[in-house]
1. Take V156 and decide whether it is in contact with a strand residue (DSSP E or B) (Cβ under 9 Å, 6 or more places away or on another chain), without any contact (Cβ under 8 Å) to a residue 60 or more places away in the chain and assigned by TED's automatic domain parsing to the domain that holds K15.
2. With (1) open to solvent by 40 Å² or more (accessible area, probe 1.4 Å); (2) free of Cβ contacts under 8 Å to residues at least 60 places away in the same chain; (3) under 29 Å from P73 (Cα atoms) as the list, and E290 as the residue in question, which single condition is left unmet?
3. Those residues that are out of contact with any Gly (no Cβ under 6 Å at 6 or more places or on another chain), open to solvent by less than 80 Å² (accessible area, probe 1.4 Å) and outside any strand (DSSP E or B), I need them from segment 266-287; list them, please.
4. I need the full set of residues from segment 20-31 which are crowded, with 21+ Cβ neighbours inside 10 Å and either within 20 Å of A7 (Cα to Cα) or of a type outside the set (A, V, I, L, M, F, W, C) (or both), in order please.
5. Output the residues belonging to segment 293-309 that are surrounded by fewer than 15 Cβ atoms within 10 Å (Cβ to Cβ) and within 16 Å of ligand 1 (Cβ to nearest atom).
Amino acid sequence: MEVICKAKDFGRFFKNPVLTLGNFDGVHLGHQRIFQQVRRKAQEIGGESIAYTFAPHPVQLLKPEKEPFLLLPISERIRLIGETGMDVTICAPFTQEFASLTAEEFVRDILHRQIGVRQIYVGQNTSFGRGRTGSVALLKELGERYGFAVEAMEAVEVKGTLISSSRIRRLIRGGNIPGATELLGRPPLLVGEVIRGFGRGGKKLGFPTANLKIEKVLVPKPGIYAVWAICGGQKFPGVANLGWNPTFQDGKFSIEVHILNFNKDIYGQTLRLEFVERQRDEVTFRSPEELITQIKKDVEQAKRILGVV
Ligand code: ADP
Ligand code: MG
């Protein structure tokens, strides 16, 4: 997939572009359904399928003090869009200047003049442009003027509930991983760089944990989780701990994973965690020994959850 991180002046011609527009946070089943439709249409008319998205998220620009709520950092959003088979992702830098474009200017100057869009697929309640005044109705009106077709897609339901990023956020905040997985069509994940912690996992407890530094995203409810840890293109079973390590009273929130049957220095590497199930709350133990006994049980339980021996 080609990735273009510019709002305009793409420097190339797009062939019969079929496009969808949105934040696509989470790249959930509903988004995946739209991408599928876009690709199908592009194939039909011999065109290119384009996902048009923005970063940072408008709320991050307009209200930076708000606590992290995004499901994915932008790099993962783009990677997952690529996995759906789209030809191009345009990731427009969401600047004050960009935010000041009216819906009509955005459609005319960018979608029509710069991209030459032929067909647009959007969700029913899409809104865009300054003051979020752009709607499906406006797109259709402008489509007639500029010569592109617009189709609003039904929201996707799973077991009678509508899929939305906010619903998935609630499930992840509550630690309901299987619930979130069902709506995402893939496991919830966190990605980060392996950094140094206090160095006690391996030495003191006999369970080294790779500590992750992540971008500002929503983190599942603190606790112990069975996960798959992906590092250097390989996938390993693991037990993750999201929390404050109350037994040691550092007062510092950390995201750590003990990778099973693994013994390598991976400081500085990128690690991706796919969450499978929440195992328990984080609790304060009276001694490191009690903690070690519990970690051994956690490891056995994680193996059962992940189906490894
Ligand atoms: P720190 O406090 O710096 O995280 P740890 O004692 O927890 O130190 O050790 C973690 C480091 O050990 C990891 O960053 C990784 O490089 C290495 N390591 C070796 N084996 C494992 C394993 N099985 N799981 C996680 N990390 C491991
Ligand atoms: Mg550690």
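1. Values: in contact with a strand residue (DSSP E or B) (Cβ under 9 Å, 6 or more places away or on another chain): yes; without any contact (Cβ under 8 Å) to a residue 60 or more places away in the chain: no; assigned by TED's automatic domain parsing to the domain that holds K15: yes.
When the stated conditions are applied, V156 does not pass them.
2. That leaves (3) as the condition not met.
3. I266, G268, Q269, V283, F285, S287
4. Once the filter is applied, which keeps residues that are crowded, with 21+ Cβ neighbours inside 10 Å and either within 20 Å of A7 (Cα to Cα) or of a type outside the set (A, V, I, L, M, F, W, C) (or both), segment 20-31 yields T20, L21, F24, D25, G26, H28, G30, H31.
5. K296, E300, V308
The values are calculated or read from the model by the stated rules, or taken from the named source; none is laboratory data. Note that this is a predicted model, so its numbers are computed, not measured. Note: ideal-geometry Cβ built from the backbone for every residue, glycine included; neighbour counts use all protein chains shown. Remember, those area values only see protein heavy atoms, side chains included, never the ligands or the DNA or RNA. Shrake-Rupley method; radii C 1.70, N 1.55, O 1.52, S 1.80 Å.
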